[in-house]
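The structure appears below as structure tokens.
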Amino acid sequence: MALERWFRRKRPTRSDDNSPAGLWLKCDECNAQIYRKDLEKNLYLCTECGHHYKMPADARVAMLADAGSFERWSGTIKGADPLAFEDTEPYVKRLERAAERQKRPDAILTGAASLQGEPVALAVMDFFFAGGSMGSVVGEEIARAAERAAREGRSLVTVAASGGARMQEGALSLMQMAKTTVALEALSRAKLPFISVLTDPTTGGVTASFATLGDIIVSEPQALICFAGPRVIQQTIKQDLPEGFQRAEFLLQKGMLDDVVTRPNLKARLALYLSLLRGTLTPTATAAVGGEPGGAAV
Amino acid sequence: MALPFEKPIDDLSDRIEDMRAYASEQNIDLSEEISLLEGRLERLQHDVFENLTRWQRVQVARAPGRPTALDYIQSVFETFTELHGDRTLGDDSAMVTGLALLGGRSVVVIGQQKGRDTKENIGRNFGMAHPSGYRKAMRMFNMADKFGLPVVTLIDTPGAYPGVAAEEQGQAWVIAESIQRMSQLKVPAVAVVIGEGGSGGALAVGVANRVLILENAIYSVISPESCAAILWRDASQAPKAAEALKLTAGDLLELGVVDGVIKEPVGGAHRDPQATMRCVGARLEEELGALSSLSETELLEQRYARFRNMGRLESVT
């Protein structure tokens with residue numbers, strides 16, 4: 001489970017780490033030395049091989065929303081501690097620390113935006129906040145975003161990045177799977193599109209709820225997408241896992257995704273889907289959007 | 001097989017049995033002594049079971065001899081007729097589905113089935129369904145809607161199966177779909193957690209108008225073992241994780257995750273399966289009776305509100 005790795009790491013490898021030691025980064029994929037500022041300027045893609053690093057939520061919003069169009073909705077609610085949960089440290093402390101570092105109350109950023117002119121609600125998960133885990137706040141913000149989008153005639157675009165349901169809120173986190181799912185009904189009734197973007201990693205209770213209920217589901221290249229994590233499965237079957245198992249390209253082949261789209265192409269692709277679904281695409285706009293025939297960009 | 005904390009209870013009841021045997025063998029009257037010991041046994045059972053730790057409840061929830069979904073189906077429901085297969089991939093034996101009568105009413109029943117012994121458990125994949133099981137459940141939801149039959153689900157699973165084929169066939173996708181499909185049922189739905197409510201694999205058939213739980217059953221976002229392995233890097237810390245996760249019937253009632261707790265006989269459901277099943281049957285009839293007066297719209301709205309309001313939030317000041 002990705003969440004497991006997040007807890008295990010003393011200092012998670014964070015592409016938004018600004019410590020002096022973190023000025024340079026060695027690419028996980030091609031071993032190239034990348035200057036961190038260059039990575040940030042390059043949509044968090046390796047400047048050498050294009051490897052997709054985890055993208056901070058704010059950068060994701062900046063990439064998807066038309067300039068100046070984003071109006072934040074999230075941030076007015078924060079997590080309670082219904083279980084008085086304590087492991088190696090109290091849950092409230094973990095929350096406080098993450099909130100201070102990430103400058104938001106929980107692992108989600110939502111708001112209204114236009115995306116190449118299409119009115120959308122964006123709900124972007126923040127993996128750097130408690131591994132993007134879904135507790136009451138994440139569930140509520142997603143549900144509110146879906147319902148408000150329906151009221152305002154906006155399409156919903158979610159960007160998932162999550163270790164799954166948040167253990168520290170126990171069964172209430174589990175219930176967020178149902179909460180986010182029932183809230184999507186409002187969009188369906190309004191015949192508004194819901195497009196789900198899966199990024200590395202999308203696991204557990206997030207994969208098993210709203211994130212796989214999109215009218216269209218796309219993923220970024222190489223993203224780990226699963227219900228049970230590779231480690232859990234390996235423990236169960238005691239065998240090596242197939243090559244590329246649970247990665248985006250593998251799941252595309254298995255019929256679980258509509259496409260795998262590289263980050264630089266993501267915004268245009270989303271705009272194309274939205275305008276086709278909503279019947280707002282005009283021949284002149286087609287030239288500007290420039291779809292990628294054949295799709296599956298790797 | 002007794003659970004570790006049941007040992008004093010078992011020892012005492014063995015002594016009573018011995019005394020009875022001795023009395024009849026020797027043809028002497030020990031009824032006074034026996035009834036004294038029986039009184040003590042009852043108090044002991046009460047003391048032990050009133051004060052179970054959360055981890056001990058996890059053990060009771062998983063205890064061998066605890067009635068399984070099929071036990072309920074065969075004793076509480078009449079004329080159960082099993083319906084097989086998901087029409088796509090196969091027939092998942094960890095998810096038993098069919099039609100039956102309950103209190104004279106036709107219902108669709110869906111049960112997550114663990115085995116009653118090791119051999120059966122292997123056959124039932126320890127109650128861990130594959131995507132096929134959830135597809136079969138969704139087929140039943142469709143049938144229930146079409147014929148206007150109420151749905152009863154019996155939840156008892158460690159979780160959805162974490163395997164290669166299950167992942168390749170979209171375990172996460174079918175769980176999400178099943179949650180969605182069940183939330184849209186136009187008919188009354190009642191779910192009972194009879195043993196283990198293991199995470200998404202349980203919730204997939206738990207999006208009911210009324211969610212009940214047996215006194216010693218559990219319902220959790222993650223198993224105590226897995227939680228301990230992540231948080232303390234040590235699965236043997238499971239008792240600590242069980243405490244932290246607040247996964248018992250009483251906890252869940254307080255959190256609003258369940259609507260009601262069904263009492264078990266003293267000593268747990270495995271000590272008196274018949275009495276347990278009678279209680280569950282009576283409660284199911286009562287709940288279905290109450291829900292039968294709601295209109296389609298009311299049922300949908302009630303279910304939506306029930307799940308939409310889950311969670312605890314605070315305002316950012």
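The values are calculated or read from the model by the stated rules, or taken from the named source; none is laboratory data. Remember, predicted model here, so these are calculated numbers, not experimental data. Neighbour counts are summed over all protein chains in view; Cβ atoms, including those assigned to glycine, are modelled from backbone coordinates with ideal geometry. Only protein heavy atoms, including side chains, enter the accessible area calculation; ligands, DNA and RNA are left aside. Shrake-Rupley method; radii C 1.70, N 1.55, O 1.52, S 1.80 Å.
At-a-glance table
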| item | result |
| --- | --- |
| Dipole magnitude of the stretch B:54-202 about its Cα centre (Cβ charges: Lys, Arg +1; Asp, Glu -1), debye to nearest 20 | 300 |
| Amide H contacts of A:Met134 (H built 1.01 Å from N, under 5 Å, at least 5 apart or other chain) | A:Gly164, A:Ala165, A:Arg166 |
| Other protein chain Cβ atoms within 10 Å, averaged over every residue that makes up A:224-234 | 5 |
| Carbon plus sulfur fraction of accessible area for chain B, probe 1.4 Å, in percent | 50 |
| Sequence-separation-based contact order of chain B, relative, with Cα cut under 8 Å and 6+ spacing, percent | 16 |
| In Å², nearest 10: area of B:Ser292 left accessible to a 1.4 Å probe | 70 |
| Among B:Asp92, B:Asp251, B:Asp156: highest mean-square fluctuation, GNM of chain B, C-alpha pairs under 10 Å | B:Asp251 |
| Interface burial for A against B (accessible surface, 1.4 Å probe, total of both chains, Å², rounded to 100) | 5000 |
| Accessible area of chain B divided out per residue, in Å², using a probe of 1.4 angstrom | 41 |
| Chain-alone versus full-assembly comparison, the stretch A:127-145, residues with accessible loss of at least 20 Å² (1.4 Å probe) | A:Ser136, A:Glu140 |
| In the stretch A:184-293, the GluC sites (Glu not before Pro) that fall in loop regions by DSSP, at most 13 other Cβ within 10 Å | A:Glu243 |
| HN-Hα J in Hz across the stretch A:158-165 - Karplus 6.51, -1.76, 1.60, θ = phi - 60°, x for Gly and Pro | 10, 10, 8, 7, 7, x, x, 5 |
| Listed residues A:Thr199, A:Pro82, A:Cys46: farthest to the positive end of the dipole of chain A (Cβ charges) | A:Pro82 |
| DSSP-loop trypsin sites (Lys or Arg not before Pro) across the stretch B:76-125, with at most 11 other Cβ within 10 angstrom | B:Arg87 |
| Within the stretch B:249-280, trypsin sites (Lys or Arg not before Pro) in DSSP loop having at most 14 other beta-carbon neighbours inside 10 Å | B:Lys263 |
| Average partner coverage of A:96-105, which counts Cβ from other chains inside 10 Å | 1 |
| Computed [θ] at 222 nm, helices only, for chain B once each DSSP H run of length n ≥ 4 contributes -39500 (n - 2.57) | -15000 deg cm²/dmol |
| FRET efficiency estimate (nearest 0.05) - Cβ-Cβ, B:Ala21 to A:Lys103, R0 56 angstrom | 0.15 |
| Backbone HN-Hα couplings from phi across the stretch B:156-172 [Karplus 6.51/-1.76/1.60, Hz, Gly and Pro as x] | 6, 8, x, x, 5, 5, x, x, 5, 4, 4, 5, 5, 8, x, 3, 5 |
| Dipole magnitude of the stretch B:1-85 about its Cα centre (Cβ charges: Lys, Arg +1; Asp, Glu -1), debye to nearest 20 | 580 |
| Solvent-accessible surface (1.4 angstrom probe) belonging to B:Thr81, in square angstrom, nearest 10 | 70 |
| Most to least accessible of B:Asp71, B:Asp14, B:Asp259 (protein chains only, probe 1.4 Å) | B:Asp14, B:Asp259, B:Asp71 |
| Length-normalised contact order of the stretch A:117-269 in % [C-alpha pairs under 8 Å, at least 6 apart] | 20 |
| Selection from B:Ala244, A:Phe129, B:Ser75, by position along the positive dipole direction of the protein assembly as shown (Cβ) | A:Phe129 |
| In Hz, Karplus ³J(HN,Hα) per residue of the stretch B:230-238 (6.51, -1.76, 1.60; θ = phi - 60°; x = Gly, Pro) | 7, 7, 10, 6, 7, 4, 6, 7, 3 |
| Label point distance in nm, A:Arg231-B:Val316, each placed 7 Å from Cα along Cα→Cβ | 3.1 |
| All-pairs Cα distance distribution in the protein assembly as shown, expressed in whole percent, bin size 10 Å | 3, 16, 26, 25, 16, 8, 3, 1, 1, 0, 0 |
| Amide H partners (placed H, <5 Å) of B:Met95, local residues excluded | B:Gln113 |
| Solvent accessible area, Å² - A:Leu224, 1.4 Å probe, full protein context | 0 |
| Relative contact order of the stretch A:32-156, pairs being alpha-carbon contacts under 8 Å that are 6 or more residues apart, as % | 23 |
| Three-way shape label, the stretch B:245-317, alpha-carbon gyration tensor, a/c 1.5 | oblate |
| Dipole magnitude (debye, nearest 20) for the protein assembly as shown, charges at Cβ of Lys, Arg, Asp, Glu | 2000 |
| Per-selection metrics, chain B (Cα): Rg and Dmax in Å | 21.1, 79 |
| Ranked order, A:Asp200, B:Asp91 - accessible area, probe 1.4 Å, largest first | B:Asp91, A:Asp200 |
| Total formal charge among the other residues, if their Cβ is under 12 angstrom from that of B:Gln112, Lys/Arg +1 and Asp/Glu -1 | 0 |
| Long-range HN-HN contacts of B:Ala189 with modeled amide H, under 5 Å | B:Val151, B:Asn209, B:Arg210 |
| Farthest positive-ward along the protein assembly as shown dipole, Cα basis, beta-carbon charges - from A:Trp24, B:Pro158, B:Thr118 | A:Trp24 |
| Probe 1.4 Å, all protein chains present, accessible-area order of B:Ser293, A:Ser114, B:Ser106, largest first | B:Ser293, B:Ser106, A:Ser114 |
| Sum of -39500 (n - 2.57) over DSSP H runs of 4+, divided by residues of chain A (222 nm, nearest 500) | -10500 deg cm²/dmol |
